[in-house]
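Asker: After the structure tokens below, expect a handful of questions from me.
The values are calculated or read from the model by the stated rules, or taken from the named source; none is laboratory data. All values reported here derive from a predicted model rather than from experimental measurement. Methodologically, a virtual Cβ is constructed for each residue, glycine included, from the backbone with ideal geometry; neighbour enumeration extends over all protein chains shown.
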Amino acid sequence: MLGVSLKNIRLSNPTVLASGILGVAGETLVRAAKNGAGAITTKSIGIHPREGHPNPCILTHKHGLINAVGLCHPAIEDSLKEIEYILQNSPSPLIVSIHGKDAEEFAQAARMITQPASVRPAAVEVNISCPNVQDEFGKPFASDPILTKKIISAVKNTSRAPVIAKLSPNVPNIKEIARAAVNGGADMITAINTLGPGMIINLKAAKPILSNKSGGISGPCIKPIAVRCVYDIYEETKGKIPIIGTGGITTGEDAIEIIMAGASAVGIGSGIYYRGIGIFKKVCREMEGFMIKNGYRDLDEIRGIAHEK
Amino acid sequence: MKNDDAEARADENIEEMMKHLVKDPLKLLAVEQPDVLKIHSVYQENPGFNTILFEKEINAKPGQFVNVWIPGIDEKPISISFVDRENRLFGITVFETGRCSRILCSMKKGGMLGIRGPYGNPFTISKKMKRIALVGGGCGAAPLSFLADCAIAEGIEVYFIVGAKTKDKLLYIDRMKKRGAYVLAATEDGSMGAKGFTTDVLRQLLNTDKVDMIYACGPEIMMQKVIGIADEHNLPCQISMERYMKCGLGVCGQCACDDRLVCKDGPAFEKEEVKTMGDFGKYARLKTGKKVGLKEYYTHGLNKQTAQ
């Protein structure tokens, strides 16, 4: 009932562990897969090791989470070992998220990750939308259609696995960015990355709490924005490009909603904070409950129906 | 007053609504941010080891930790070492290892620190227990001293085995004696108590006395030995682990030991669960997420409680 295909990647259900959550260790990613995630995504990895920002780097607020982890990851050789472990042990397909400071670094990361045939992930997700490293890298590439196309096509040239562009909601016109990603050769789109960045100031300390001062907003409060972005991208791509709808998905109804907007799969990240690692199974059960009650047989019947006039 | 009532009712309605959405309704409204508190007092346990007390009612169980924020500098997970419910006080014990802990050690009464938590899976005690043995190495004694307080309050006899390199690094000796625990010290140089390791003392104790549970916190090599001793005597055992943490909320995945999250599934684990962890006693992850040998991990100064 819940099986979906993202191009040629078969998922037993549409839930995808979003990048950045539980994604440091191969073992915890496999745990998410064993707990029902239809696919799992690593934390973004790149060529050179990074420690990320000092603590505090993750907090919650009344309506969701805020984080500025700052793209920490080990050197790519070490990441490859984790990937190998996941591919040997995960019951669900693996998406590897990559980042870089320029097109060259992105391309190199994609090449290294998809080179060995024995340890090739199902797809490479290109994180051009992290809002937490602006001091270092400037504005996220996904804020600009030209840069978006440049990075995606560079990755497309070196990747031997399908390429997913992860887009930012922090743009005036996400359709334009989605078009650029598709023109660059993106096979799929993940929308959205975190919103903002935002800031939380502690009144007694009279200081921002995050060490990076600002951080990306996620969780239930960004869901309406994620739904609108997916709706716009689906319209722009005429439903031809699979979209992984991500942003505040916490319940089965949230998942149905973003699928109605046009998503083929749903990313779940902050939801783990609210409902634990069992969230994937819970969301699936709730989706099935909704579908049975409303007479839907599969997700193809639901995808994009919010667009029908 | 009326307005407050109306507000309370509105909150109840929100909770009712949330119940349909998620199993743990209050979590949707929870805010995991540091509560900036004035330091109530600072007590020097030993040179370089201070217990910082805060005035705040804290619903903490032994083995849990709080994330301590030095505004504008850093945030560190630190075990709760003391709770006085009557006087609404709780304490953490800090010791100098790096930049952050040096600042914490220099904090004085009236200074401000942010506290969030308590977090983590605690040690468990049951009323059926008659006698327990606690084995603390170095700063690992911190959560165990809180555990000892709770166990004694339940009428359980406590053997408090504490070890360090030298006498001036042994923690909580007087406090535990005063509380009524049987304190057994071990020092590597023999400057106090038995010359040798806590595990030697535990072995000797178990030759003559029966305990219902062993609890341990300290260097992983020590905890591994304790688990071995517990196995020999067919005794249950809980240990408390330490890994570099970021969120404390079970989401970032930084503190993974195998597929367990030390911040949420731990820090306290039953020995059976520990035995399934291939990383335990061998590997830990650096800030980058790279898995390295424990020896290399310790040289990065990321550990909070195992330095001796």
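Asker: Considering only residues that are in a helix (DSSP H, G or I) and in contact (Cβ under 8 Å) with a residue 24 or more places away in the chain, which ones fall in region A:5-45?
Answerer: The answer is A:G26, A:E27, A:L29, A:V30, A:R31, A:A32, A:A33, A:K34.
Asker: Output the residues belonging to region A:251-284 that are under 15 Å from A:N35 (Cβ atoms) and away from chain B (no Cβ under 12 Å).
Answerer: Correct list: A:F280, A:K281, A:C284.
Asker: From the set of residues in region B:252-272 that are of a type in the set (A, V, I, L, M, F, W, C) and within 19 Å of B:K291 (Cβ to Cβ), which is surrounded by the fewest Cβ atoms within 10 Å (Cβ to Cβ)?
Answerer: Here the residue is B:F269.
Asker: Can you name every residue in region B:263-294 that is free of Cβ contacts under 8 Å to residues at least 60 places away in the same chain, under 23 Å from B:G117 (Cβ atoms), outside any loop (DSSP other than H, G, I, E, B) and touching an Asp or Glu at 6+ places or on another chain (Cβ under 9 Å)?
Answerer: Matches in region B:263-294: B:E273, B:A284, B:R285.
Asker: Considering each of A:I222, A:I209 in turn, give the residue that is under 15 Å from A:T60 (Cα atoms), in contact with an Asp or Glu (Cβ under 9 Å, 6 or more places away or on another chain), aliphatic (A, V, I, L, M) and surrounded by 18 or more Cβ atoms within 10 Å (Cβ to Cβ).
Answerer: Selected residue: A:I209, the only one of A:I222, A:I209 that is under 15 Å from A:T60 (Cα atoms), in contact with an Asp or Glu (Cβ under 9 Å, 6 or more places away or on another chain), aliphatic (A, V, I, L, M) and surrounded by 18 or more Cβ atoms within 10 Å (Cβ to Cβ).
Asker: Is at least one residue of region A:180-199 surrounded by fewer than 22 Cβ atoms within 10 Å (Cβ to Cβ), modelled with pLDDT of 95 or more, within 14 Å of chain B (Cβ to nearest Cβ) and touching a Gly at 6+ places or on another chain (Cβ under 8 Å)?
Answerer: Scanning region A:180-199 turns up at least one residue that is surrounded by fewer than 22 Cβ atoms within 10 Å (Cβ to Cβ), modelled with pLDDT of 95 or more, within 14 Å of chain B (Cβ to nearest Cβ) and touching a Gly at 6+ places or on another chain (Cβ under 8 Å).
Asker: Based on what the data block shows, is B:L89 touching a residue at least 24 places away in the same chain (Cβ under 8 Å) and within 19 Å of A:S211 (Cβ to Cβ)?
Answerer: no
Asker: Which ones in region B:49-77 are within 14 Å of chain A (Cβ to nearest Cβ) and closer than 18 Å to B:I239 by Cβ?
Answerer: Within region B:49-77, B:F65, B:P77 meet the criteria.
Asker: Looking at region A:227-249 only, could you name the residues that are in contact with a Leu (Cβ under 9 Å, 6 or more places away or on another chain) and assigned to a helix (DSSP H, G or I)?
Answerer: Once the filter is applied, which keeps residues that are in contact with a Leu (Cβ under 9 Å, 6 or more places away or on another chain) and assigned to a helix (DSSP H, G or I), region A:227-249 yields A:C229, A:I233.
Asker: One residue is enough: does region B:279-288 have a residue meeting the conditions crowded, with 21+ Cβ neighbours inside 10 Å, more than 10 Å from every other protein chain (Cβ to nearest Cβ), over 30 Å from B:D189 (Cβ atoms) and modelled with pLDDT of 95 or more?
Answerer: No, because not a single residue in region B:279-288 is crowded, with 21+ Cβ neighbours inside 10 Å, more than 10 Å from every other protein chain (Cβ to nearest Cβ), over 30 Å from B:D189 (Cβ atoms) and modelled with pLDDT of 95 or more.
Asker: I'm trying to understand the selection: among the residues of region A:69-90, which are part of a loop (DSSP other than H, G, I, E, B), touching a residue at least 60 places away in the same chain (Cβ under 8 Å) and either at the interface with chain B (Cβ under 8 Å from one of its Cβ atoms) or not hydroxyl-bearing (S, T, Y) (or both)?
Answerer: A:V69, A:G70, A:L71 - these are the residues of region A:69-90 that are part of a loop (DSSP other than H, G, I, E, B), touching a residue at least 60 places away in the same chain (Cβ under 8 Å) and either at the interface with chain B (Cβ under 8 Å from one of its Cβ atoms) or not hydroxyl-bearing (S, T, Y) (or both).
Asker: Still on this structure, please answer the following. State all residues of region A:134-152 that are of a type in the set (A, V, I, L, M, F, W, C), within 16 Å of A:G46 (Cβ to Cβ) and surrounded by fewer than 20 Cβ atoms within 10 Å (Cβ to Cβ); if no residue qualifies, say none.
Answerer: A:F137
One line per residue, one yes/no per condition, for (1) aliphatic (A, V, I, L, M); (2) crowded, with 24+ Cβ neighbours inside 10 Å:
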| residue | (1), (2) |
| --- | --- |
| A:G239 | no, no |
| A:T250 | no, yes |
| A:M260 | yes, no |
| A:A263 | yes, yes |
| A:I279 | yes, yes |
| A:K282 | no, no |
| A:R285 | no, no |
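Asker: Taking only region A:52-68 into account, find how many residues are assigned to a loop (DSSP other than H, G, I, E, B), at the interface with chain B (Cβ under 7 Å from one of its Cβ atoms) and over 14 Å from A:H99 (Cα atoms).
Answerer: Going through region A:52-68 one residue at a time, the tally reaches 5.
Asker: Something else now. I need every pair where a residue in region B:240-251 that is without any contact (Cβ under 8 Å) to a residue 24 or more places away in the chain and surrounded by 24 or more Cβ atoms within 10 Å (Cβ to Cβ) has its Cβ under 6 Å from the Cβ of a residue that is in a loop (DSSP other than H, G, I, E, B) and among the hydrophobic types (A, V, I, L, M, F, W, C), sequence separation at least 6 or different chains.
Answerer: So the pair list comes out as B:K246/A:C57; B:K246/B:C252; B:V251/A:I21.
Asker: Just to check your reading of the model, which residue among A:V155, A:V124 is without any contact (Cβ under 8 Å) to a residue 60 or more places away in the chain, part of a strand (DSSP E or B), crowded, with 24+ Cβ neighbours inside 10 Å and at negative phi?
Answerer: On the way: A:V155 fails: part of a strand (DSSP E or B).
Of A:V155, A:V124, the one residue that is without any contact (Cβ under 8 Å) to a residue 60 or more places away in the chain, part of a strand (DSSP E or B), crowded, with 24+ Cβ neighbours inside 10 Å and at negative phi is A:V124.
Asker: Can you tell me how many residues in region A:17-45 are on the phi > 0 side of the Ramachandran plot, in contact with a helix residue (DSSP H, G or I) (Cβ under 6 Å, 6 or more places away or on another chain) and within 9 Å of chain B (Cβ to nearest Cβ)?
Answerer: Within region A:17-45, the first condition is being on the phi > 0 side of the Ramachandran plot, and the residues that meet it are A:20, A:22, A:36.
Now narrow it down to the ones that are in contact with a helix residue (DSSP H, G or I) (Cβ under 6 Å, 6 or more places away or on another chain): A:22, A:36.
Checking which are within 9 Å of chain B (Cβ to nearest Cβ) leaves us with A:22.
Final tally of qualifying residues: 1.
Asker: Another question about this same structure. Could you list all residues from region A:173-196 that are in contact with a Leu (Cβ under 6 Å, 6 or more places away or on another chain) and free of Cβ contacts under 8 Å to residues at least 40 places away in the same chain?
Answerer: Selection gives A:I177 alone.
Asker: Which of (1) away from chain A (no Cβ under 14 Å); (2) assigned to a strand (DSSP E or B); (3) at positive phi is the odd one out, the single condition B:A133 does not satisfy?
Answerer: Answer for B:A133: the failing condition is (3).
Asker: Here is a list of conditions, (1) over 24 Å from B:D265 (Cβ atoms); (2) within 14 Å of another protein chain (Cβ to nearest Cβ); (3) modelled with pLDDT of 95 or more, and B:M17 meets all of them except one; can you say which number that is?
Answerer: For B:M17, the failing item is (3).
Asker: Please determine whether any residue of region B:55-62 is in a strand (DSSP E or B) and of a type in the set (A, V, I, L, M, F, W, C). First the steps, then the outcome.
Answerer: Step one: list which residues in region B:55-62 are in a strand (DSSP E or B), which gives B:55.
Then keep just the ones that are of a type in the set (A, V, I, L, M, F, W, C); that gives none.
Checked against the condition, which is being in a strand (DSSP E or B) and of a type in the set (A, V, I, L, M, F, W, C), region B:55-62 yields no hits at all.
Asker: Taking the conditions exactly as written (touching a residue at least 40 places away in the same chain (Cβ under 8 Å) and in the same structural domain as B:G138 (by TED's automatic domain parsing)), does B:T198 satisfy them or not?
Answerer: yes
Asker: Hey, another quick one. Taking B:P62, is it surrounded by 22 or more Cβ atoms within 10 Å (Cβ to Cβ) and farther than 17 Å from B:L37 by Cα?
Answerer: yes
Asker: Return only the number of the condition from (1) under 17 Å from A:A165 (Cα atoms); (2) within 14 Å of chain B (Cβ to nearest Cβ) that A:T237 does not satisfy.
Answerer: (2)
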